[in-house]
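Working notes for the structure below.
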Amino acid sequence: MARRQSNSSNRTASWRYVVLHPALWFMLATVGMISGAIQLWPAHYQTLVDLPEYQLSEQKIQVDTPPAWVDVDLKQEILGNLQQDASLLDNQLVPSAVATCKSWPWVEKINRVEKVADGLDVELQYRQPIGLVEIATSSGQQVIDRHGVLMDPRTMDTISSEKLVRISVSRPLPGQQKIWAVWQDHRVIDAAKIGSINGADWGKLGCYRIVSWDPPGSQSNKNPFEIWPRTANGIKIVWGSAPGKEKTGEASADQKLEAVRLYLAQAGQDNDANRGRKIDVRSGSAVLVDDLQTAQLPEFNDKLQ
């Protein structure tokens, strides 16, 4: 009997210990506060959202400075495509800003869009013109980026054409190209990849034009790309395939570029001694070759200035 009373006393003491323990009361109080906040939040949410310190403004948007040829106010564009009186507390603010940036054709990539302590931070990578596609003598030139996307011709209003490499393909495919669309000719796209090789400053190397001898519609890349100098006294370069499309045993773009640099550093580029010279760098080393193909297919010669 005494043992049962002892067990009962122990259970009562344990229950009192649990009930009276501060941790339990703290937990209950916390749950109560959270529950109350959840119930009160809908009634006060709009009040908080409308507070001036949470309103998104042009001053609270940080965005990369666009190139000179982008003639719109990007901050105003972001604000204009958001709901009126957009708030930093709005969960749809970032997705809406991302959607706006995706609609800009001059943006190549969205690196980051996020809320920060003092507003909205937008980090963009803009398209950059790298080449001028030569359609025909009477059709002028059309500017493209490194992916072969045809850019707005107004881009050239703020950029010197001398900074861009020319792209010439044998018998260009007919048809009107759409602005901000990828060029519908793989030869042009491949030439753009060569023109945008990282670290290649073709202008400083005296290189002026990237030439493809493949016929229209060809998918074989049978003929190697060539890179031509600005003048007839310069050295022509048999480059080979576009980056990522190298044939078995063909050197990488980096190896070819280094071979070009080394050879031109020794031979120079624009002097009478180089007239008619052509080097082949497909092996990764510069090898002098005969200029037979140019003699047989002179259709680009009349374009040399």
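Among the residues of the stretch 115-122, is any surrounded by fewer than 21 Cβ atoms within 10 Å (Cβ to Cβ), touching a strand residue (DSSP E or B) at 6+ places or on another chain (Cβ under 6 Å), farther than 15 Å from residue 185 by Cα and at pLDDT 95 or above? No - not one qualifying residue is present in the stretch 115-122. Can you pull out the residues in the stretch 249-294 that are small (Gly, Ala, Ser), over 18 Å from residue 204 (Cα atoms) and assigned to a loop (DSSP other than H, G, I, E, B)? Residues satisfying the conditions are 249, 251, 252, 276, 283, 284, 285, 286. From the list 143, 113, 122, the lone residue that is under 25 Å from residue 207 (Cβ atoms) and part of a strand (DSSP E or B) is 143. Taking first residues from the stretch 179-206 that are within 16 Å of residue 244 (Cα to Cα) and partners that are at pLDDT below 90 and part of a strand (DSSP E or B), the Cβ contacts under 8 Å between residues at least 6 apart in sequence or on separate chains come to 187/169; 188/169; 191/169.
Flag: residue 278 matches the condition of being touching an Asp or Glu at 6+ places or on another chain (Cβ under 9 Å), touching a residue at least 12 places away in the same chain (Cβ under 8 Å) and surrounded by fewer than 20 Cβ atoms within 10 Å (Cβ to Cβ). Checked against (1) in contact (Cβ under 8 Å) with a residue 60 or more places away in the chain; (2) exposed (fewer than 15 other Cβ atoms within 10 Å of the Cβ); (3) not small (Gly, Ala, Ser), residue 66 passes all but condition (2). Note on the stretch 123-136: residues that are surrounded by 15 or more Cβ atoms within 10 Å (Cβ to Cβ) and among the charged types (D, E, K, R) total 2. Note on the stretch 75-93: among residues that are hydrophobic (A, V, I, L, M, F, W, C) and either free of Cβ contacts under 8 Å to residues at least 24 places away in the same chain or in a loop (DSSP other than H, G, I, E, B) (or both), the one that is farthest from residue 155 (Cα to Cα) is 89.
The values are calculated or read from the model by the stated rules, or taken from the named source; none is laboratory data. Because the structure is a prediction, the values reported are computed rather than measured. Here the Cβ is made from the backbone with ideal geometry for all residues, glycine too, and neighbour counts use every protein chain on show.
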